[in-house]
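Below is one structure, written out as structure tokens, with a few remarks after it.
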Amino acid sequence: MDLSYVNRLLEELPGFQTFSEADFQHYLNNDRLFSFAFKKELGKGYLYSIELATQRQLLFNQLPLNQRLDIFKRKCECVGLDHLFDEDLGVGILGLLVDVCDIGMGHSVYKCSFSNGLCVVLKSVDTVFPLYYSYCLHQLKWPYLDVQCREFEGKIWMISDYKESVDLNAYLHSSGLLSEDLVIQLARHACLGDCLGRGDRHFENYIVSESLLYPVDISMLFYPDNEAWVDRYIKGGQSECCILSQYSEFKDCYWNTYVDTFTFLQDFKHVIVESLDHFFSKKECQTFSDFLNTRLGNNKYPAQRRIASEKSFLEFEKRQQYKQQLENFVNKNGVASDLDPLLMMYYRANKDRMTAFFLVDYFERDFLFSKYLNIFSEL
């Protein structure tokens, strides 16, 4: 396995370690090791690019098909996932597996294709939040992915529908088009996400399939003070309303839809609250119910979110200017050897995405902007 290119990308970034041949062989040969992930310092805001995520995927996806199938089946049998597949998809279904590939970003997430036409996604998750969120979307009659979660040996495994799609970031980057209908769908999900405290709502956690929007990777719900995190995401170009930077003509449509959705959710609150009992403990139900009631019981909430979002949006627009300056500098001068490693990290992470200096303020890296302006004053 040639690791030279992926390691060259990793060497540019602070907080990341390169892969060794032993690392990859350990993943291939240790049947209990289900995921091959980046080795990085966690919780310090170190970011990676789309290109780097693709290169990590290719380490598995470029293996011969028979080898990929053998590795995946061995791992499933070792951790008992063959029984999960039997229960959810039909007895002996792994015998019909015809392809498996890694579609994850920072770690392995598997797309499994079967000879009977079935195609699913398998990943390890920390909670049953994806199951609950899918149920809510189903009850709301919004587009949703069917999800099953099973706990086995202390781990929760999720099997979900796979739809031919592109993530929202790739959709916007490739087509350059945004319909009013998609804006409406984004505003609805922004409102639902705010009311349910859903975090990590960046554009790679939405997919577009046949003009319908689907949320994926539902890892955080009912997160305390989630609004503060949403505002940080907006500043970095990583939340639903950030589309308005390129499509300002939809601003009224977006915020009117947000208000309408909030009223709809107020009327639907009893269904959302009552369904908690099916997924969570009594103590969790009380906490989550209080969370919902606090937001849906506040008629001023949509106006408050708009004010906070638009304030954060101004910071995003400023960072977009810095982002363009950095791109211009690199395009003109190449990757300068004396470029601050953090600037290089943001350059790579920003590329072909709407994001701009994500969480730079949270990790107290604002000093980069003054350094930035000095470096690029010549442009």
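The values are calculated or read from the model by the stated rules, or taken from the named source; none is laboratory data. Being a predicted model, the structure only gives us computed values, none of them experimental. Note that we place each Cβ from the backbone using ideal geometry, even for glycine, and neighbour counts take in every protein chain shown.
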Among (1) surrounded by fewer than 18 Cβ atoms within 10 Å (Cβ to Cβ); (2) under 30 Å from Leu343 (Cβ atoms); (3) out of contact with any Leu (no Cβ under 7 Å at 6 or more places or on another chain), the one test that Thr18 misses = (3)
request  = Among the candidates Val273, Val360, Val330, Val335, single out the residue that is touching a helix residue (DSSP H, G or I) at 6+ places or on another chain (Cβ under 8 Å) and either exposed (fewer than 15 other Cβ atoms within 10 Å of the Cβ) or on the phi > 0 side of the Ramachandran plot (or both).
outcome  = Val335
Any hit, segment 37-58, residues being over 20 Å from the mean Cα position of the chain (by Cα), modelled with pLDDT of 95 or more and of a type in the set (Lys, Arg) = no
ask   = Pick from segment 151-182 the residues that are under 16 Å from the mean Cα position of the chain (by Cα) and assigned to a helix (DSSP H, G or I): which of them is surrounded by the most Cβ atoms within 10 Å (Cβ to Cβ)?
value = Leu168
task = Those residues that are of a type in the set (Ser, Thr, Tyr), in a helix (DSSP H, G or I) and at pLDDT 95 or above, I need them from segment 236-274; list them, please.
result = Tyr254, Thr257, Tyr258, Thr261, Thr263
Matching entry among Asn299, Asn293, Asn328 (being outside the structural domain of Gln238 (by TED's automatic domain parsing) and out of contact with any strand residue (DSSP E or B) (no Cβ under 9 Å at 6 or more places or on another chain)) = Asn328
query = For residues in segment 43-92 being of a type in the set (Gly, Ala, Ser) and touching a residue at least 24 places away in the same chain (Cβ under 8 Å), which is nearest to Glu153 (Cα to Cα)?
reply = Gly80
Residue among Leu196, Leu192, Leu212 that alone is outside the structural domain of Leu47 (by TED's automatic domain parsing) and in contact with a Pro (Cβ under 7 Å, 6 or more places away or on another chain) = Leu212
message = Could you check segment 33-49 and list, in sequence order, the residues that are of a type in the set (S, T, N, Q) and either in contact with a helix residue (DSSP H, G or I) (Cβ under 7 Å, 6 or more places away or on another chain) or in a strand (DSSP E or B) (or both)?
response = Ser49
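Results for (1) touching a residue at least 40 places away in the same chain (Cβ under 8 Å); (2) farther than 22 Å from Pro64 by Cβ; (3) of a type in the set (Phe, Trp, Tyr), shown as yes or no for each residue.
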| position | (1), (2), (3) |
| --- | --- |
| Met105 | yes, yes, no |
| Tyr110 | no, no, yes |
| Ser115 | no, no, no |
| Val128 | yes, yes, no |
| Lys141 | no, yes, no |
| Tyr144 | yes, yes, yes |
| Gln148 | yes, yes, no |
| Lys155 | yes, yes, no |
task = Specify the residue that is surrounded by the fewest Cβ atoms within 10 Å (Cβ to Cβ); the eligible residues are those in segment 338-357 that are assigned to a helix (DSSP H, G or I) and of a type outside the set (Phe, Trp, Tyr).
result = Pro341
query = Failed condition for Tyr322, given (1) within 24 Å of Lys251 (Cβ to Cβ); (2) without any contact (Cβ under 8 Å) to a residue 12 or more places away in the chain; (3) part of a helix (DSSP H, G or I), with all others met?
reply = (2)
message = Take Thr355 and tell me if it is under 27 Å from the mean Cα position of the chain (by Cα), over 16 Å from Gln238 (Cβ atoms) and either touching a residue at least 12 places away in the same chain (Cβ under 8 Å) or in the same structural domain as Cys191 (by TED's automatic domain parsing) (or both).
response = no
